[in-house]
Amino acid sequence: MPEQRQGQGQKQGQLHELSALEQAAAIRGGELSPVELVEHYLARIENLNERVGAFSYVAADQARAVASQAEKRLGEDGLPPLFGVPTAIKDLTGTSDMPTSFGSAAFRGFTPPVEAHLVRLLREAGTISLGKLNSAEFGLSAYSDTYAGSARTPWDLTRTAGGSSGGSGAAVAAGLVPFAHGNDAGGSIRVPASVCGVFGFKASRGRISNGPLGLDPVVQLCQGPLSRTVADAAAMLDAMAGPVPGDLFWAPPLPDGESFLGWSRREPGKLRIGRFSDPGSEEVSVHPDVLAAYEQATELLVSLGHEVEEIEPPFGRAMVEEFQDVWSVRSLRVPVADEEELLPLTRHWRARGRSVSSERFLGALQDMQLRGTQAMIATQRYDAVLSPTLALPPQRPEWFKELGEETDLKRQFLACPYPAAQNVTGQPSANVPLHWSDEGLPIGVMLTGRLGEDAQLLSLCAQLEAARPWAARWPDL
């Protein structure tokens, strides 16, 4: 724990224990400089990244140059809200000023000609990018093992940091950045957040632009932040949110004068919350630690005055075949000159995608969308829905890969049967890190809100954080 939480007298070794908002306030108050903060994080990356595998590319010289320019602006009026605060971008997201490999050796050293809109927005909000964060190749797996290394949860370095935003989760949990960008087409923010013990927020479809290079033909991809606190995530969401011409979907904006950060500081009032733990498949065995986390979250919600009701799994049976058919076709959206440079699992996905007929693909997509609509109708009377984030505690990456690609896919489903549904519906969904097992492993729970109601969901998550804080918990590195 830091001796002082507001920056004054903060020791150099404790700077990373400040939240992103505390860092921004200390910079504006002249108690901390962007150069000092960037150097602190670069030193931590140098010392720890080889073990946690969070960064695939470190833009040290570039970050130092940006921090030096920021230093000259200290004292100006109207500085951006996150001025001088370090962050990093997931390697699936285009950056025109540093490489974007999509987690693949086939794109090692590739720099896109244009950057993602959200990258520009984060820069305009004053953040300083320290580089690119390790991601599963093309975002296709629930672990992040790539040519750049294996992202590991800092709570147990033998276990995966999850995927596909594994580097983002590992970086925040290890204190290599205060908050990080991630994206999520099948659980890729919430899975790493759960196994790394941090807060992860998948925003509503259309809340953050996927453009110009991240357009998703099956409309499952959503963006969002990973952070140590709900308020930091809300501030990052404020920076990234907003439509851009050309976007296929636009989430309704907040009323004038409101912000997601403001909502994270409001009491949510008494809410009606549905809950379920049935994963929709008899093949899945939910681990006792997961059920303990789920029950404790229920008890906490009730103690805060919310009405919690048991509900049937909104999607019914798990849509494993349908999702895998759509996912495999989606894997082909990245053109590759030499497929031998791809990982075996990626080649497996792409081979399956080529075998899926157009009729089968459209049928799977329509079935998923129909059942997604039915699930939203069935849960519309609830302000939020509680479920486990994962069915298992953090696993070793070798467990997924040891018996070949088909077993890998099955084990990924056995570990992650819950979070992909919210990518079909587009609803906002968060991993809340409320529980650690007796082994010291983080076990998250998932809360999902109504489509477009990101603000209320953040308010609820912040209430849980205030009742049972987690940000002061740090792994022993």
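The values are calculated or read from the model by the stated rules, or taken from the named source; none is laboratory data. Fair warning: this is a prediction, and the values are worked out from it, not measured in the lab. Reconstructed Cβ throughout: ideal geometry from the backbone, glycine too, with neighbour counts over all protein chains shown. For the accessible areas, the whole protein counts, side chains as well, though only heavy atoms, and no ligand, DNA or RNA atoms are used. Shrake-Rupley method; radii C 1.70, N 1.55, O 1.52, S 1.80 Å.
Residue check, Asp367 against (1) farther than 21 Å from Leu447 by Cβ; (2) open to solvent by 60 Å² or more (accessible area, probe 1.4 Å); (3) not in a loop (DSSP other than H, G, I, E, B), all met but one. Which one?
(2)
Only strands (runs of 3 or more DSSP E) wholly contained in the stretch 51-169 count here; list those with 1 or more residues that are under 26 Å from Ile27 (Cβ atoms) and open to solvent by 40 Å² or more (accessible area, probe 1.4 Å).
55-58
Take the conditions of a type in the set (S, T, N, Q) and either touching an Asp or Glu at 6+ places or on another chain (Cβ under 9 Å) or open to solvent by 70 Å² or more (accessible area, probe 1.4 Å) (or both) and apply them to Thr379. Does it pass?
The answer is no for Thr379.
In the set Glu359, Glu398, which member is modelled with pLDDT of 95 or more, within 30 Å of Asp438 (Cα to Cα) and assigned to a helix (DSSP H, G or I)?
Criteria check complete, one pass: Glu398.
Here is a check on your reading of the model: is Gly200 in contact with a Leu (Cβ under 7 Å, 6 or more places away or on another chain) and closer than 17 Å to Asp232 by Cα?
Yes, satisfied.
Being at pLDDT below 95 and more than 17 Å from Gly280 (Cα to Cα) narrows it down to one residue among Leu477, Leu451; which is it?
Leu477
Please verify whether Gly316 is open to solvent by 30 Å² or more (accessible area, probe 1.4 Å) and at pLDDT below 95, treating the condition exactly as stated.
yes
Considering only residues of the stretch 430-477 that are assigned to a loop (DSSP other than H, G, I, E, B) and among the small types (Gly, Ala, Ser), which is farthest from Ile311 (Cα to Cα)?
Ala472
Failed condition for Leu362, given (1) open to solvent by 50 Å² or more (accessible area, probe 1.4 Å); (2) more than 28 Å from Ile311 (Cβ to Cβ); (3) touching a residue at least 12 places away in the same chain (Cβ under 8 Å); (4) of a type outside the set (Ser, Thr, Tyr), with all others met?
(3) is the only condition that Leu362 fails.
Specify which of the listed residues (Ala337, Ala391) is open to solvent by 40 Å² or more (accessible area, probe 1.4 Å), of a type in the set (Gly, Ala, Ser), in contact (Cβ under 8 Å) with a residue 12 or more places away in the chain and in a loop (DSSP other than H, G, I, E, B).
None of the other options fit; the residue is Ala337.
Return the total of residues in the stretch 410-442 being open to solvent by less than 10 Å² (accessible area, probe 1.4 Å), touching a helix residue (DSSP H, G or I) at 6+ places or on another chain (Cβ under 7 Å) and aliphatic (A, V, I, L, M).
Number satisfying all stated conditions: 2.
When you look at Ile45, is it closer than 21 Å to Ala171 by Cβ, assigned to a strand (DSSP E or B), in contact with a helix residue (DSSP H, G or I) (Cβ under 9 Å, 6 or more places away or on another chain) and of a type outside the set (Gly, Ala, Ser), yes or no?
no
Within the stretch 205-215, is even one residue under 19 Å from Leu457 (Cβ atoms), hydrophobic (A, V, I, L, M, F, W, C) and modelled with pLDDT of 95 or more?
yes
Go through the stretch 190-223 and give me each residue that's touching a Cys at 6+ places or on another chain (Cβ under 8 Å), within 22 Å of Thr160 (Cβ to Cβ) and not aromatic (Phe, Trp, Tyr).
The answer is Val191, Lys202.
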